[in-house]
């Protein structure tokens, strides 16, 4: 049988190579004849799959990536034609049904998956060259031993993999499991493994074949998406809370500030109508000055409330003057020196993005005042083609930065969302006792008016 299998492997490899070069109907006829002769010689479907697997490793995997999809499709068609004699016979048809899961994705996944073939009774196992490459090894570096792979499974996933394998072998459950492995260089990567066993008449599994796929990128994307959704949910709830707080604040200011000033103004105006005596209808000059002062105070209060809602200076004078005014008020209020390097004439900010950049600077300065304990802040707004750099650095107490993107700081989340809307990102450098540096990297294509430069 070994001699016949070797001859079949050589004949199949030669026929498949010829078919991949010409893709003629004569190649299909040759595949059918090979399958018919193999069935006469007593070969089984597992033998055919092993021969095809070897041919894929030899002819398809070494080919350029751009050619692999075409070669893979042609190889699959050739292999299916070889199986036709088996499927036309009653016994072969039944065997094909029993082994259908064994052949799952064999041709389709050949260019990406690492194939394995295991005998549960003898513990003999075969790993394809691509299987070993997924684990970071060359073909000759990883032995065909079960422990070579199982020993590399992350300790957190060993029980899960073992339970799934036992369930498949003993109860014929589906074996489709995702787990982490350690590669040759010690990197942790995610793989998906699928397999199908074959059982003899006594119900004993005598063979199991399958593949593994590297799904690390998918897992990372899934985790990033999950984190983003969670952050968006938290940020949305926080925004709603802030809106309600802002409404309450404005209501208090209108009632406590403007309301009281208007009441006082009304009382002062009534003095003009009802003077201290009927013989003196005209109020004294001091009363008029008091009324003027109240009106001035009302004007200041209205401007203050309006500026908090939306800085009018942004629309009237532009981003840089509004930021300069913000910094002046910040320094005066918190007694923190701000060293500025603002390249006012190098970037013409679009009107629609001014508020986003302004709010990022405002939030960064607010965080300095609330959390840093700093005595000095450096503010930089500069052009570094192809980006605009907005950087706020303080000399405060700093913080432990674990790379979680400010998950628990709604201010930082808000800044990240504003930067993302502009196609940019926020970078943070900090450590205890070394201050806090926040940098917004914004693409000029998104924020600069198109009629400049």
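Restricting to the range 393-418, what's the tally of residues that are within 26 Å of residue 346 (Cα to Cα), at pLDDT below 90 and in contact with a strand residue (DSSP E or B) (Cβ under 9 Å, 6 or more places away or on another chain)? Even if it seems obvious, please write down each step before you answer.
Taking the range 393-418 and keeping what is within 26 Å of residue 346 (Cα to Cα), we get 393-394, 415-418.
Checking which are at pLDDT below 90 leaves us with 415-418.
Next cut, in contact with a strand residue (DSSP E or B) (Cβ under 9 Å, 6 or more places away or on another chain) only: 415-416, 418.
Number satisfying all stated conditions: 3.
Is it fair to say residue 24 is modelled with pLDDT of 85 or more, within 47 Å of the chain's Cα centre (by Cα) and loosely packed, with under 14 Cβ neighbours inside 10 Å?
no
Can you confirm whether the range 60-80 contains a residue that is closer than 29 Å to residue 131 by Cβ and more than 42 Å from the chain's Cα centre (by Cα)? Spell out the reasoning first.
Of all residues in the range 60-80, those closer than 29 Å to residue 131 by Cβ come to 60-80.
Those still in the list that are more than 42 Å from the chain's Cα centre (by Cα) too: none.
The answer is no; no qualifying residue exists.
Tally the residues that are in a loop (DSSP other than H, G, I, E, B) and in contact (Cβ under 8 Å) with a residue 60 or more places away in the chain, restricting the search to the range 416-435.
As a first pass, look at the range 416-435 and keep what is in a loop (DSSP other than H, G, I, E, B): 422-424, 431-435.
Still in the list and also in contact (Cβ under 8 Å) with a residue 60 or more places away in the chain: 422, 435.
Going through the range 416-435 one residue at a time, the tally reaches 2.
Table: residues versus (1) assigned to a helix (DSSP H, G or I); (2) surrounded by 13 or more Cβ atoms within 10 Å (Cβ to Cβ); (3) within 22 Å of the chain's Cα centre (by Cα).
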| position | (1), (2), (3) |
| --- | --- |
| 161 | yes, yes, no |
| 170 | yes, no, no |
| 177 | no, yes, no |
| 192 | no, yes, yes |
| 203 | no, no, no |
| 207 | no, yes, no |
| 211 | no, yes, no |
| 226 | yes, no, yes |
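Yes or no, residue by residue, for (1) more than 17 Å from residue 14 (Cβ to Cβ); (2) in a helix (DSSP H, G or I); (3) at pLDDT 80 or above:
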residue	(1), (2), (3)
28	no, yes, no
53	no, yes, yes
72	yes, yes, yes
84	yes, yes, no
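Of the residues 39, 48, only one is closer than 25 Å to residue 210 by Cα and at pLDDT below 80; which? Explain how you work it out, then say what you get.
Numbers: 48 fails: at pLDDT below 80.
Among 39, 48, only 39 is closer than 25 Å to residue 210 by Cα and at pLDDT below 80.
To keep it simple, each residue is scored yes or no on (1) surrounded by 15 or more Cβ atoms within 10 Å (Cβ to Cβ); (2) at pLDDT 85 or above; (3) more than 25 Å from residue 370 (Cβ to Cβ).
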residue	(1), (2), (3)
292	no, no, yes
300	no, no, yes
304	no, no, no
308	no, no, no
313	yes, no, no
316	no, no, yes
326	yes, yes, no
330	yes, yes, no
Any chance you could count how many residues in the range 104-131 are buried (at least 19 other Cβ atoms within 10 Å of the Cβ), more than 12 Å from residue 61 (Cβ to Cβ) and modelled with pLDDT of 85 or more?
5
Of the conditions (1) surrounded by fewer than 17 Cβ atoms within 10 Å (Cβ to Cβ); (2) within 22 Å of residue 200 (Cα to Cα); (3) at pLDDT below 85, the single one that residue 95 does not satisfy is (1)
Listed by first then second residue, the pairs whose first member lies in the range 320-348 and is at positive phi, whose partner is surrounded by fewer than 18 Cβ atoms within 10 Å (Cβ to Cβ) and at pLDDT 90 or above, with beta carbons under 9 Å and at least 6 positions apart or on separate chains, are 335/375
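Matching residues to (1) surrounded by fewer than 19 Cβ atoms within 10 Å (Cβ to Cβ); (2) in a strand (DSSP E or B); (3) outside the structural domain of residue 411 (by TED's automatic domain parsing):
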site: 353; (1), (2), (3): no, no, no
site: 358; (1), (2), (3): no, no, no
site: 364; (1), (2), (3): no, no, no
site: 368; (1), (2), (3): no, no, no
site: 371; (1), (2), (3): yes, no, no
site: 378; (1), (2), (3): yes, yes, no
site: 382; (1), (2), (3): yes, yes, no
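The values are calculated or read from the model by the stated rules, or taken from the named source; none is laboratory data. These figures come from a predicted structure and were not determined experimentally. FYI the Cβ positions are ideal-geometry reconstructions off the backbone, even for glycines, and counts take in every protein chain you see.
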